[in-house]
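Reading through the structure tokens given below for one structure.
All of the numbers you see were taken from the coordinates with simple rules; none came from a lab. Keep in mind the model is a prediction, meaning the values are calculated, not measured. Cβ: placed from backbone, ideal geometry, glycine included. Neighbour counts: every protein chain shown.
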Amino acid sequence: MLISASYKIDIPVFYGEWFMNRFDAGYCLMQNPYNGRMSRIDLSREAVDGFVFWTKNLGPFLPQLNEVHRRGFPFMVQYTINGYPRALEVSVLEAAKAAEHVRQVSDQFGHETVVWRYDTILLSSLTPVAFHLENFGRIAESLRRYTNECVISFAQIYRKTKRNLDRAASEENFSWREPMATERQTLLRSLLRTAKANGMVLTICSQPEFAGEGTEEAHCIDAQRLSRIAGRTITAKLHGMRETCGCYQSKDIGDYDTCPHGCVYCYAVQNREVAKQRFAEHDPRGEALVSRLSRTPSP
């Protein structure tokens, strides 16, 4: 079994102590976000074939990575580095510092260990096409030889995402828009050239309609990559979280509306104030990530 920690929440920066306590205990409890049922997730060495950590700031979790490695668990890191303005990413670590983390982990555990995510791509008056071309190139160059893959996706505008974007745009005085198909393809070709020039494969997350012409479908939960890291075959089915997802089957131990980063394009947070409250109230010694009480976000 593969464990995803977590595409719903940045566990390494906000819930690292909770993770290590559950890691020591050998299990955690997770609540289904749709029906409320609790389930027990086995985190023992016998049950877990590998971990996938998702983060925008690996710094606080670097010592824990050493411990995960020491106990013989293969792992990989999906590290999002966008370098966006604060109006879009309120409290995310600076791109240059995040790149330092990538280089440190790559040097210590190998360049297969970290995958860079430039995700999600948002077009706005703060981040027009020209911004993305220059910004992506600068970050890619800083990560050259330290990772061999970059995952991208274009912003998917759910109802809650639109509401959060509109609110932020009004408060911070910017505008945003969904790019035209031709615009996406033009940007995609430019990013592909830059990625190749820096020794990276460019993959597309959950948007197979944009794959092709040199790009590939992303497998963010990647049993093949983990197999190379582990030096042995890790068997898992290709079974994504949704129809367009290319991930291998895994158990995710995160929870929605628990990440206080404040990224206005985020699909996993409906209300940042609720997320901040849940983070403040979470018990690092608890079996579950957050309390089962007061789980309904305020409007």
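Worth pointing out:
- Extension reserve of the Glu171-Asp24 stretch, reckoned as 0.36 nm per residue once the Cα distance is removed: 48.6 nm
- DSSP beta bridges confined to the chain are antiparallel in about 30 percent of cases.
- Near Thr55: Cβ cut-off under 10 Å, other residues only, Lys/Arg at +1 and Asp/Glu at -1. The net charge is +1.
- Estimated Rh, the stretch 248-294: Kirkwood, alpha-carbon pairs, angstrom: 11.6
- The C-alpha radius of gyration of the stretch 2-281, expressed as a fraction of 2.2 N^0.38 Å, stands at 0.97.
- Note on the stretch 81-99 and the stretch 108-177: Cα centroid distance 9 Å, given to the nearest whole angstrom.
- Exposure proxy order (Cβ contacts within 10 Å, fewest to most) of Ile81, Ile204, Ile229: Ile229, Ile204, Ile81
- Sum of -39500 (n - 2.57) over DSSP H runs of 4+, divided by residues of the chain (222 nm, nearest 500): -10500 deg cm²/dmol
- Relative contact order of the chain, defined on C-alpha pairs under 8 angstrom at six or more residues apart (%): 23
- Residues of type lysines that Lys251 reaches as a straight line, Cα spacing below 29 Å, ignoring anything fewer than 8 places off in the same chain: Lys8, Lys56, Lys160, Lys162, Lys237, Lys276
- By the count of neighbouring beta-carbon atoms within 10 Å, fewest first, Trp54, Trp116, Trp176 end up ordered Trp176, Trp54, Trp116.
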